[in-house]
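The values are calculated or read from the model by the stated rules, or taken from the named source; none is laboratory data. In this text the structure is predicted, and so the values were computed from the model without any measurement. All Cβ positions, glycine included, derive from the backbone under ideal geometry; neighbour counts span all protein chains shown. Note: accessible area is taken over every heavy atom of the protein model, side chains too, but ligands, DNA and RNA are not part of it. Shrake-Rupley method; radii C 1.70, N 1.55, O 1.52, S 1.80 Å.
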Amino acid sequence: MKIKAMIREWFMITAATAVVAAAVFFFLVPSHVSVGSISGLAIVLANFVPFPISVITMGLNVVLLVLGFLFIGKEFGGKTVYTSILLPVLIGILEWLFPDFVSMTADPFLDMLCYVFVVSIGLAMLFNRNASSGGLDIVAKFLNKYLRMELGRAMSLAGMCVALSSALVYDKKIVVLSVIGTYLNGIVLDHFIFGSNIKKRVCIISEKEEEIRKFILHQLHSGATVYEAYGAYDLQKRREIITIVDKNEYAKLMRFIEKTDDKAFVTVYAVNEIIYRPKV
């Protein structure tokens, strides 16, 4: 990696961690809502141990960092060591700068919504650079790598127990907000990570198969696969075109099909990930 690219990479990781720290301090801590994260668990544990949230977060991250090295890999672990140390340090700095900070909204529900939105931006930036803010993010990345689980769902699964742990300290309202916030956090995070990368798998059976095939290849400059198929009712042989396109290509393709053969049989599926290694 070139020096300029490396500096940019670490700058973006630092900025993303700062976003996460700000979300935790300004929205999560004042509301006492334990949205599934190590920081959320630290908020609960702060009621039982005489340490600030930044120190508790640091201690919990150290334990899970070991899992990151063992199961995720050196690159992920190396970056996460940096962010796992930086995050509680930044939270500690904010605790020092704003020792008597209270909620800006004076409403736990609004704090929870603000936290979910802001923290998802930071976490998406980190995940897209194969990094993590530490803690439960390591568990989510583990589930994503080995079980092919979407990161949003993995975060929700790993964080639900943390959200429910708030029942040990807080009232029912906070517990419910913690659970809802954990669920919403997964959905919003999934949107930030995959929203711009979703593609469409389009399957087409048409009498104008040749025209559609040429349009896909020469106008959309996309690939396609043609299968022979038989209709179950009349057993007539037909050819099915299957192609994967992005949002813009999908709109152009559907307009062309409607204009060329409005009786075409088309099925469409969402595709979140494509793994392709071209031959050298």
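Summing charges over all other residues whose Cβ lies under 13 Å from the Cβ of Lys237, with Lys and Arg as +1 and Asp and Glu as -1, gives -3.
Taking a ≥ b ≥ c as the square roots of the Cα gyration tensor eigenvalues, region 1-134 comes out prolate, since a/c reaches at least 1.5 and a/b is larger than b/c. Largest to smallest in accessible area, the residues Trp96, Trp10 fall in the order Trp96, Trp10 (1.4 Å probe, all protein chains included). The calculated 222 nm mean residue ellipticity attributable to helices in the chain amounts to -19000 deg cm²/dmol, summing -39500 (n - 2.57) over DSSP H runs of n ≥ 4 and dividing by all residues.
Exposed loop positions in the chain were taken to be GluC sites (Glu not before Pro) whose DSSP state is not H, G, I, E or B and which have at most 14 other beta-carbon atoms within 10 angstrom. Between these positions, the longest stretch is 1-206. Overall form of region 96-169: prolate. Here a/c, set by the Cα gyration tensor axes a ≥ b ≥ c, is 1.5 or more, and a/b is the larger of a/b and b/c. The distance separating the Cα centre of region 115-168 from that of region 233-248 comes to 37 Å.
Once Rg and the Kirkwood radius are both taken over the C-alpha atoms of region 126-258, their ratio Rg/Rh works out to 1.21. Note that region 146-190, at 10 °C in a medium of 1.306 mPa s, gets a Stokes-Einstein diffusion coefficient of 148 µm²/s from its Kirkwood radius over C-alpha pairs.
Near Glu249, once Lys and Arg are set to +1 and Asp and Glu to -1 for all other residues with Cβ below 9 Å from its Cβ, the sum equals +3. Comparing Tyr146, Tyr82, Tyr230 in a Gaussian network model of the chain, where Cα atoms under 10 Å apart are tied by springs, the biggest mean-square fluctuation is seen for Tyr230.
Taking Cα centre as origin and charging only the Cβ of basic (Lys, Arg, +1) and acidic (Asp, Glu, -1) residues, the dipole magnitude of the chain rounds to 900 debye. Net charge in the neighbourhood of Ile7 (other residues with Cβ under 15 Å of its Cβ; Lys, Arg +1, Asp, Glu -1) is +4.
Structure remark: mean-square fluctuation, Gaussian network model of the chain, C-alpha springs under 10 Å; the largest value among Ile85, Ile205, Ile121 belongs to Ile205. Taking all protein chains together and a 1.4 Å probe, the residues Arg148, Arg153 rank Arg153, Arg148 from largest to smallest accessible area. Across the alpha-carbon atoms of the chain, the computed radius of gyration and Dmax are 23.9, 77 angstrom.
Close amide-amide hydrogen proximity is noted between Ala229 and Arg238, Arg239, Glu240, each under 5 Å apart and 5 or more residues distant or on a separate chain (H modeled in the peptide plane; Pro and chain starts excluded).
Considering only Ala224, Ser165, Gly122, and ranking their Cα positions along the charge dipole of the chain that arises from unit charges at the beta-carbon of Lys, Arg, Asp and Glu, the one farthest toward the positive end is Ala224.
Among Lys172, Lys145, the order of accessible area from largest down is Lys172, Lys145, computed with a 1.4 Å probe on protein heavy atoms.
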